[in-house]
1. From the list LYS398, LYS420, LYS425, pick out the single residue that is touching a strand residue (DSSP E or B) at 6+ places or on another chain (Cβ under 8 Å) and at pLDDT 95 or above.
2. For the condition surrounded by 20 or more Cβ atoms within 10 Å (Cβ to Cβ) and either touching a strand residue (DSSP E or B) at 6+ places or on another chain (Cβ under 6 Å) or outside any helix (DSSP H, G or I) (or both), what is the one hit in GLN573, GLN581, GLN628?
3. Filter region 310-358 for residues that are over 27 Å from the mean Cα position of the chain (by Cα) and within 29 Å of SER62 (Cα to Cα) and give the result.
4. Kindly indicate whether ALA596 is open to solvent by 10 Å² or more (accessible area, probe 1.4 Å) and either touching a residue at least 24 places away in the same chain (Cβ under 8 Å) or farther than 25 Å from TRP347 by Cβ (or both).
5. If you scan region 332-382, which residues turn out to be open to solvent by less than 60 Å² (accessible area, probe 1.4 Å), of a type in the set (D, E, K, R), out of contact with any His (no Cβ under 9 Å at 6 or more places or on another chain) and under 18 Å from GLU49 (Cα atoms)?
6. Can you give me the number of residues within region 400-432 that are hydrophobic (A, V, I, L, M, F, W, C), part of a helix (DSSP H, G or I) and crowded, with 16+ Cβ neighbours inside 10 Å?
7. Looking at region 438-453 only, could you name the residues that are open to solvent by less than 40 Å² (accessible area, probe 1.4 Å), hydrophobic (A, V, I, L, M, F, W, C) and more than 18 Å from ASP540 (Cβ to Cβ)?
Amino acid sequence: MITIHSLGFPRIGKKRELKFALEKFWRGDITQQQLEQTGRQLRQQNWREQSALDLAPVGDFSFYDQILDASFLFGNHPARVRDLGGDDLANYFRVARGRAHTHEHECACVQAGEMTKWFDTNYHYIVPEFSADTRFNLHADALLEQVREAQAAGVVAKPVLVGPVTYLWLGKSQDHSDRLTLLEPLLAVYLQLLSKLAAAGVEWVQIDEPILVTELDASWRQALNHACHQLKSAPLKLLLATYFGELQENLQLACELPVDGLHIDAINGRDEVARIADWLPGHKVLSVGVINGRNIWKTDLTATLVWLEPLHQRLGQRLWLAPSCSLLHVPVDLASEQKLDDEIKQWLAFAVQKLDELRILATALNEGRAAVADELAQNAAAVNSRRQSGRIHRPAVKQRVAEITAAMGQRLAPYAERSKQQRNKFRLPLYPTTTIGSFPQTAEIRKARRDYRVGELGADDYRRIMRDEIAHCVHQQEALGLDVLVHGEPERNDMVEYFGEQLDGYAFSQHGWVQSYGSRCVKPPILFGDISRPRAMTVDWISWARSLTDKPMKGMLTGPATMLNWSFVRDDQPRSQTCLQLSLAIRDEVLDLEKAGIDMIQIDEAALREGLPLRRSQWQDYLDWAIQAFRISANGVRNDTQIHTHMCYSEFNDIMPAIADMDADVITIETSRSNMELLAAFEAFEYPNEIGPGVYDIHSPNIPDVDAIVALMKKAAEHIPPERLWVNPDCGLKTRNWEEVLPALTNMVTASRILAQDLAEAV
């Protein structure tokens with residue numbers, strides 16, 4: 001009989017219960033005991049949803065991030081929180097967001113841990129911090145309690161742990177020491193943990209080592225081999241899990257590691273399965289990820305069975321089935337969707353439905369297809385409906401993409417020439433200040449949008465309320481003394497969803513929420529067909545804001561690669577083609593903004609690096625079409641129209657030439673949590689255009705002080721001429737409140753003026 005299991009389940013809840021509980025706790029509206037009770041209820045609910053599985057994940061639930069959980073599990077607390085008051089949960093939230101509670105005394109606040117993207121997903125993890133002095137010690141009570149909870153609920157628990165080598169690989173050394181020197185003491189703690197899990201009655205533990213799908217040098221490959229040889233002495237069985245890509249040159253290594261089972265991503269690496277089945281020793285389990293854990297399209301179950309049946313005949317009970325990766329990356333339950341277009345809805349599967357697909361496959365293999373004939377017929381009908389739908393392919397859109405020329409991706413003049421025209425036009429001071437686009441989304445703003453959406457607020461009243469909010473935002477920025485203003489985006493629910501709602505080829509869920517980090521959830525649009533823009537999307541709102549001030553006003557758009565990477569994207573054509581369709585739609589909006597007199601336009605590409613393949617050898621192909629798409633969207637404008645872009649929370653140092661090739665006049669980029677680490681890239685690469693390294697960490701309630709901002713910008717000025725530096729936050733301000741934003745921006749403006757004055761006095 002085939003074993004079915006899951007690598008992880010969404011933890012936010014069907015109604016985002018975790019998000020709301022966290023935010024109440026941070027505000028001080030509920031106690032720690034109430035927060036922990038919400039966690040227990042969500043875990044029980046998640047196990048009920050996975051009741052058909054033979055093995056269910058335990059330890060995949062987290063109050064913020066599973067990698068931060070691992071740091072606290074192994075006692076790897078940053079030094080800056082060790083001597084602060086409070087329990088582990090308080091320090092946990094201090095590392096995650098700078099403070100445990102919004103109103104916590106300043107002396108208990110710290111710099112939040114660096115946050116970056118989890119491989120090539122839109123999930124963010126807190127980067128582990130290491131040094132030569134790092135010591136590990138086990139804090140397993142919370143995990144062991146979850147195991148007991150699961151067992152009491154009748155769940156066969158399979159604890160999920162990030163592997164020791166991946167954990168070290170994901171982290172950063174604060175003193176440039178070799179992280180691999182920490183492997184031996186870390187393995188000792190893992191062995192302690194595995195022994196405790198075995199004593200608790202656990203038979204299988206999932207060890208995630210996704211770095212096996214990346215290009216590894218000999219030292220990291222040897223570390224994986226050494227780690228598994230050390231852990232094999234544990235008195236339980238280990239399932240080594242890889243996902244997000246192919247094993248390629250690591251395939252033999254993965255097959256030979258001394259573990260009891262190997263999980264592979266058969267969505268991205270199906271062609272490798274036959275070789276792995278050949279090479280894997282006869283005593284090992286092969287877990288095959290046959291359900292896409294990162295996208296929401298139904299699985300073609302009949303086609304999957306055709307492929308699986310010979311494998312099942314060969315491996316028998318050694319064959320396990322699972323989703324390709326944790327279901328953290330998809331929404332919880334399609335049954336919650338009551339307004340989604342019926343035709344499109346039948347094409348989809350969220351986490352709950354994906355587990356049901358897994359059950360159907362296992363039943364068909366164990367008992368024969370006749371046992372699930374009705375389910376297979378329904379699935380085939382839905383899959384064929386999507387293939388044959390006339391809503392997906394639009395010849396006019398495809399023709400327009402075919403007519404793209406190289407000239408469409410070129411500015412009329414090089415940066416050196418057009419920057420002079422822009423400086424003469426805008427007359428900005430040294431170290432000009434701006435923000436990234438959004439301002440606080442208050443309860444009143446959210447209520448107005450919600451009431452308008454459900455028909456309880458008329459269009460005229462909605463327009464008046466949004467205009468008033470824009471006016472308030474503009475006046476606040478003028479009072480602060482910011483040099484370049486934005487309209488604040490009160491009308492926008494999300495930087496991708498807002499645009500997708502106005503483009504043909506997109507569909508939208510009501511409750512399709514996915515965790516991005518902590519309590520931050522996004523509702524990715526469903527990109528199901530060819531994309532076009534039927535009408536202007538932002539011109540009216542930004543023109544209204546422009547009419548309220550004499551200062552420059554930036555138009556705010558989301559770039560094509562970010563629209564692509566933050567959507568559930570179609571899988572029936574190359575992503576590059578979809579991205580080019582998006583670029584033409586954004587280009588149309590850029591040109592309409594310019595015609596309306598908006599002469600600064602920001603095209604955010606926050607997710608540009610996120611789409612980068614995990615293997616460096618595949619980078620250039622992606623960068624070629626992603627950068628081409630940005631340039632097509634941006635480069636139809638006059639020389640004196642200033643194009644901005646923005647990127648955040650990724651590792652950018654190794655793609656600086658590609659970022660420069662975007663040829664944006666100004667780039668704003670996250671650097672605050674990493675203490676301007678990005679600037680090290682400029683020692684080897686001279687960035688040619690203007691840049692605003694973020695100095696205000698907007699993902700923390702902490703307010704940056706003037707001296708800290710000045711120090712960060714002086715560090716930046718060591719690498720970039722001051723006349724090409726801007727001062728700005730590291731991301732949009734929608735998740736913050738005005739009580740935090742106003743003093744933070746006041747300090748930012750003050751720091752800018754100090755920097756400009758110091759520079760003038762030095763001349």
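The values are calculated or read from the model by the stated rules, or taken from the named source; none is laboratory data. From a predicted model like this one, the values you see are computed outputs, not experimental measurements. Cβ atoms come from the backbone with ideal geometry, glycine included; neighbour counts cover every protein chain shown. The accessibility values were calculated without ligands, DNA or RNA, using every heavy atom of the protein model including side chains. Shrake-Rupley method; radii C 1.70, N 1.55, O 1.52, S 1.80 Å.
1. Exactly one residue qualifies, and that residue is LYS398.
2. Exactly one residue qualifies, and that residue is GLN581.
3. Within region 310-358, TRP320 is the sole residue that qualifies.
4. So ALA596 fits the description; yes.
5. Hits for region 332-382 are LYS354, GLU357.
6. Count: 3.
7. If the condition is that a residue be open to solvent by less than 40 Å² (accessible area, probe 1.4 Å), hydrophobic (A, V, I, L, M, F, W, C) and more than 18 Å from ASP540 (Cβ to Cβ), then PHE439 is the only one that fits.
Results for (1) over 17 Å from ILE542 (Cβ atoms); (2) open to solvent by less than 40 Å² (accessible area, probe 1.4 Å), shown as yes or no for each residue.
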site	(1), (2)
ILE586	no, yes
LEU591	no, no
GLY611	yes, yes
ARG615	yes, yes
GLN620	yes, no
